[in-house]
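The values are calculated or read from the model by the stated rules, or taken from the named source; none is laboratory data. Small disclaimer: the values here were computed from a predicted structure and weren't measured. For neighbour counting, all protein chains shown are included, and Cβ atoms are generated from backbone atoms with ideal geometry for every residue, glycine included. For accessibility, only protein heavy atoms count, side chains too; no ligands or nucleic acids. Shrake-Rupley method; radii C 1.70, N 1.55, O 1.52, S 1.80 Å.
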Amino acid sequence: MNKTWDWEFAIAIFPEILSAITVTIAATIIAYCISLTAGLVLTLLRRASFKPLALTVAGMIEFIRATPPLVQLFFVYYTTPLTGFQTGAIVLGLHYATYVSEIYRSGIEAVPKSQWEASQALNFTRAQTWRRIILPQAIPPVIPMLGNYLIVLFKETPLLSAIFVVEMMAVAQSIGTSDWRYVEPITIVGFLFLVLSYPSAVFIRYLERKVRTLHGNKIETRGVKT
């Protein structure tokens, strides 16, 4: 196995690795949408007044967190009729939904108790309280934290190569196996991950500052009105 860098070989294999980037991005986006949606559902169910349901959901969350995502991928892939791509997107989405649910929980708990009391005074139903009062206040401040999980999920997609999803890492490993050269394909994959994740990280930091400023301005405005 050759461990020296060969520019000619690297340039030749670059288009092949780049062609798999769409699979990586698609898996990331779908898994992220699942994690955002399922995370909110888990948060609401965990706060259900029906205690057996709340405890069951809490136990399920802890179980998913305590199990490595790779084990979950293997289990679902070999025990269900789902394809590798479907398995990867769903499993990663549900795995990180358990972490996203904690972010939602922190946002909900930051909403002043007076808001709940006001909704009761206005005779809002529970659904109206969540939809019109609590969630509009709870979600905006945690958007930057939710954005961080987009980058985390993107970096986790190489796990999908273990269940035969042809994403970038799978292509790199295939090239390395056939040509006995791993330095170039693995380096190219790392470079592509950097190129895509770094701008995302910069945007999320910008979004965090923007949300913090808007949130601060709202507090200031309320203080002036008061």
Task: Formal net charge of residues neighbouring Leu73 (Cβ-Cβ distance under 14 Å; K, R +1; D, E -1) - done: -2
Open item on the list: If you average the C-alpha positions of the stretch 114-142 and of the stretch 47-90 separately, how far apart do those two centres end up, in angstrom?
Closed with: 29
Task: Set of aspartates and glutamates with alpha-carbon distance to Lys113 below 20 Å, sequence-local pairs under 8 removed - done: Glu102, Glu220
TODO: With semi-axes √(5λ) of the Cα gyration tensor in Å in mind, check (1) 35, 21, 17; (2) 29, 22, 17; (3) 42, 23, 11 and report the label derived from this structure.
DONE: (3)
Open item on the list: I want to make sure I understand the PRE zone here: with the label point 7 angstrom from the Cα of Gln120 toward its beta carbon, which residues in the stretch 132-146 have backbone N atoms less than 19 Å away?
Closed with: 132-135
Open item on the list: Ranking request for peptides 114-121, 17-24, 98-105: highest mean number of other beta-carbon atoms within 10 Å first, then the rest in descending order.
Closed with: 98-105, 17-24, 114-121
Task: Hz values of 3J(HN,Hα) by residue in the stretch 105-117 - Karplus curve (6.51, -1.76, 1.60), Gly and Pro given as x - done: 4, 5, x, 5, 5, 7, 6, x, 4, 4, 5, 5, 5
Task: For the chain, calculated [θ]222 nm from helices alone, where every DSSP H run of n ≥ 4 adds -39500 (n - 2.57) - done: -25500 deg cm²/dmol
Task: Charge dipole (debye, nearest 20) of the chain; +1 at Cβ of Lys and Arg, -1 at Cβ of Asp and Glu - done: 1420
- [ ] Can you tell me the 0 to 90 degree angle between the C-alpha axis of helix 51-66 and the longest principal axis of the chain, rounded to 10?
- [x] 30
Task: Cα lying deepest toward the dipole's positive end in the chain, options Val211, Pro136, Leu153, charges on Cβ - done: Pro136
Open item on the list: Using the basic label-point model (7 angstrom from Cα toward the beta carbon), what is the Ser19 to Tyr198 distance in nanometres?
Closed with: 2.7
Open item on the list: Between Ser178 and Ile143, what's the calculated FRET efficiency when r is the beta-carbon distance and R0 is 45 Å? Round to 0.05.
Closed with: 0.55
TODO: Calculate one ³J(HN,Hα) per residue across the stretch 193-198 by plugging θ = phi - 60° into the Karplus curve 6.51 cos²θ - 1.76 cosθ + 1.60, and present them in order as whole Hz with x for glycine and proline.
DONE: 4, 5, 4, 7, 7, 5
Task: For the stretch 8-215, accessible area per residue (1.4 Å probe, heavy atoms of protein chains only), Å² - done: 54
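What percentage of the solvent-accessible surface of the stretch 1-111, computed with a 1.4 Å probe over protein heavy atoms, is contributed by carbon and sulfur atoms?
So the carbon and sulfur contribution to the accessible surface is 73 percent.
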Open item on the list: If you build the convex hull over the alpha carbons only and average its shadow over all orientations, what do you get for the stretch 60-192? Give it in nm² to one decimal.
Closed with: 10.8
Open item on the list: Net charge around Leu135, counting only other residues with Cβ within less than 14 Å of its Cβ (Lys, Arg = +1; Asp, Glu = -1)?
Closed with: +4
